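In what follows, a single structure is set out as structure tokens and then discussed.
The values are calculated or read from the model by the stated rules, or taken from the named source; none is laboratory data. It should be emphasised that the depicted structure is a prediction, and the values quoted were computed from it without experimental measurement. Here the Cβ is made from the backbone with ideal geometry for all residues, glycine too, and neighbour counts use every protein chain on show. With ligands, DNA and RNA removed, areas are computed over all heavy atoms of the protein, side chains included. Shrake-Rupley method; radii C 1.70, N 1.55, O 1.52, S 1.80 Å.
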Amino acid sequence: MKNSAITIKHLKKIYAGGFQALKNISLDVPKGAFFGLLGPNGAGKSTIIGILCSLINKTAGSVEIYGHDIDKDWSEAKKNLGIVPQEFNFNIFEPCLQIITNQAGYYGVPYPVAKQRAEHLLKELGLWDKRYTPSGKLSGGMKRRLMIARALVHQPKILILDEPTAGVDISLRRSMWTFLEKQNKNGLTIILTTHYLEEAEQLCETIAIIDKGIIIENMNKVDLLKKMKCETFILTTEADCIGLPQIDNASLIKNNDGDIEVVVNDALSITKLISDLEKQNIIVKRIQNKSSRLEELFVRMVES
Ligand code: ADP
């Protein structure tokens, strides 16, 4: 398809031993999308990514990357891909700058251009001070950023990140989000797998959920979140309340901290909930979601 960055049709994977990890997966990732592939452990995410990168052989189906079929035209398809795998796979003795320029060399980028791009990327990702440091001496978060720089140096149109912020602390995670959002605004198609659902909720405009080798959802995040029939909130009240009132379309329990945990059906507005509580002399001081909304929906979908 013309506007597709990636088109996957009827993809199946049966591993040696007979286990079927992917059962007839079809997916279309539009150009310029920020696409989240979510699913519990063992769902098949890494298998899909492995097939996209040609590290895993598919059993059946087809994959096109920017219109290039990976079976017929792998060398053209691969030019469009930048991959950030889950595991660090650098030569630990090689300095950062050299890792990036060497990678560019594999894609035929002339050295002076590669050096310029490497400088730009390492500066953007806060690694310029470390350019002569062997990669093995970097912290986990720095290694992750180095993998992103390495994946982008040949200027691919698609960046695939497998669990990009696993083990990365919160402030660094946020700066990586900002970097990725900027790249996406500049036209880069980004596909990520993550099990931080807050990350997917923040970044991805389209989300596919895979479970046991089957795509169970694939839609715009806004529409996906609209599927939530109920949402759980934590209410902190002004005074500790004794006994909880009955409120239509809500179920309330008191948690161990004395806060009220309330599951609210979408027929009940938050304004009405708070005013109903006020009528019972329960004053709500603070209200927060129990988890990210996507996380709540995900848990319900995958467990049902
Ligand atoms: P995810 O990335 O969503 O955690 P994977 O794609 O790694 O899931 O795995 C999907 C399923 O395929 C799992 O049940 C896993 O045990 C199985 N699997 C993965 N790799 C192999 C392999 N090389 N041989 C046999 N089974 C495998």
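A quick yes/no check of all residues on (1) of a type outside the set (Ser, Thr, Tyr); (2) surrounded by fewer than 14 Cβ atoms within 10 Å (Cβ to Cβ):
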residue: His68; (1), (2): yes, no
residue: Asn80; (1), (2): yes, no
residue: Glu87; (1), (2): yes, yes
residue: Cys96; (1), (2): yes, no
residue: Gln103; (1), (2): yes, no
residue: Ala114; (1), (2): yes, no
residue: Leu122; (1), (2): yes, no
residue: Thr133; (1), (2): no, no
residue: Gly136; (1), (2): yes, yes
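Enumerate the pairs (first residue in segment 129-151 and among the aromatic types (Phe, Trp, Tyr); second residue anywhere and open to solvent by 10 Å² or more (accessible area, probe 1.4 Å)) with beta-carbon separation below 6 Å, excluding pairs fewer than 6 apart on the same chain, so at least 6 apart or on different chains.
Taking only residues 6 or more apart or on different chains, the pairs are Tyr132/Pro95.
Out of segment 66-122, which residues are touching a residue at least 60 places away in the same chain (Cβ under 8 Å) and in a strand (DSSP E or B)?
The answer is Leu81, Gly82, Ile83, Val84.
Would you call Asp162 away from the ligand (no atom under 16 Å from the Cβ) and open to solvent by 10 Å² or more (accessible area, probe 1.4 Å)?
On the way: away from the ligand (no atom under 16 Å from the Cβ): no; open to solvent by 10 Å² or more (accessible area, probe 1.4 Å): yes.
Criteria not met by Asp162.
Mind telling me which of the residues Glu76, Glu94 ends up being touching a strand residue (DSSP E or B) at 6+ places or on another chain (Cβ under 7 Å), at pLDDT below 95 and more than 16 Å from the ligand (Cβ to nearest atom)? Quick ask: steps written out before the conclusion?
Numbers: Glu94 fails: at pLDDT below 95.
Being touching a strand residue (DSSP E or B) at 6+ places or on another chain (Cβ under 7 Å), at pLDDT below 95 and more than 16 Å from the ligand (Cβ to nearest atom) holds for just one of Glu76, Glu94, which is Glu76.
Please determine, by comparing only the residues of segment 4-16 that are more than 9 Å from the ligand (Cβ to nearest atom) and either charged (D, E, K, R) or assigned to a loop (DSSP other than H, G, I, E, B) (or both), which one is most open to solvent (accessible area, probe 1.4 Å).
Among residues in segment 4-16 that are more than 9 Å from the ligand (Cβ to nearest atom) and either charged (D, E, K, R) or assigned to a loop (DSSP other than H, G, I, E, B) (or both), the one most open to solvent (accessible area, probe 1.4 Å) is Lys9.
Could you check segment 238-258 and list, in sequence order, the residues that are touching a residue at least 40 places away in the same chain (Cβ under 8 Å) and under 26 Å from Leu297 (Cα atoms)? Steps first, please.
So the first thing to find is which residues in segment 238-258 are touching a residue at least 40 places away in the same chain (Cβ under 8 Å), and the list is 238-239, 241.
None - no residue of segment 238-258 is touching a residue at least 40 places away in the same chain (Cβ under 8 Å) and under 26 Å from Leu297 (Cα atoms), so the list stays empty.
Kindly indicate which of Glu261, Glu231 is touching a residue at least 12 places away in the same chain (Cβ under 8 Å), touching a helix residue (DSSP H, G or I) at 6+ places or on another chain (Cβ under 8 Å) and either exposed (fewer than 11 other Cβ atoms within 10 Å of the Cβ) or of a type in the set (Asp, Glu) (or both). Give the steps one after another, and end with the answer.
On the way: Glu261 fails: touching a helix residue (DSSP H, G or I) at 6+ places or on another chain (Cβ under 8 Å).
So the residue among Glu261, Glu231 that is touching a residue at least 12 places away in the same chain (Cβ under 8 Å), touching a helix residue (DSSP H, G or I) at 6+ places or on another chain (Cβ under 8 Å) and either exposed (fewer than 11 other Cβ atoms within 10 Å of the Cβ) or of a type in the set (Asp, Glu) (or both) is Glu231.
Looking only at strands (runs of 3 or more DSSP E) that lie completely in segment 163-224, which have at least 1 residues being within 11 Å of the chain's Cα centre (by Cα)? Talk me through it step by step, then tell me what you get.
Details: elements: 189-193, 206-211, 214-220.
Output list reads 189-193, 206-211.
So that you can scan it fast, the table gives a plain yes or no per residue for (1) within 16 Å of the ligand (Cβ to nearest atom); (2) surrounded by fewer than 14 Cβ atoms within 10 Å (Cβ to Cβ):
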site: Gly18; (1), (2): yes, yes
site: Lys31; (1), (2): no, no
site: Phe35; (1), (2): yes, no
site: Ser46; (1), (2): yes, no
site: Ser54; (1), (2): yes, no
site: Asn57; (1), (2): yes, yes
site: Ile65; (1), (2): no, no
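If Ile247 passes every condition in (1) in a loop (DSSP other than H, G, I, E, B); (2) assigned by TED's automatic domain parsing to the domain that holds Gly44 but one, which one does it miss?
(2)
Only one residue in Glu205, Glu238, Glu217, Glu201 is touching a Ser or Thr at 6+ places or on another chain (Cβ under 9 Å) and open to solvent by 20 Å² or more (accessible area, probe 1.4 Å), so which one is that?
Numbers: Glu205 fails: touching a Ser or Thr at 6+ places or on another chain (Cβ under 9 Å); Glu238 fails: touching a Ser or Thr at 6+ places or on another chain (Cβ under 9 Å); Glu217 fails: touching a Ser or Thr at 6+ places or on another chain (Cβ under 9 Å).
None of the others qualify; the one that does is Glu201.
Looking at segment 20-29, can you tell me whether even one residue there is under 20 Å from Ile207 (Cβ atoms), open to solvent by less than 40 Å² (accessible area, probe 1.4 Å) and within 12 Å of the ligand (Cβ to nearest atom)?
Yes: one or more hits.
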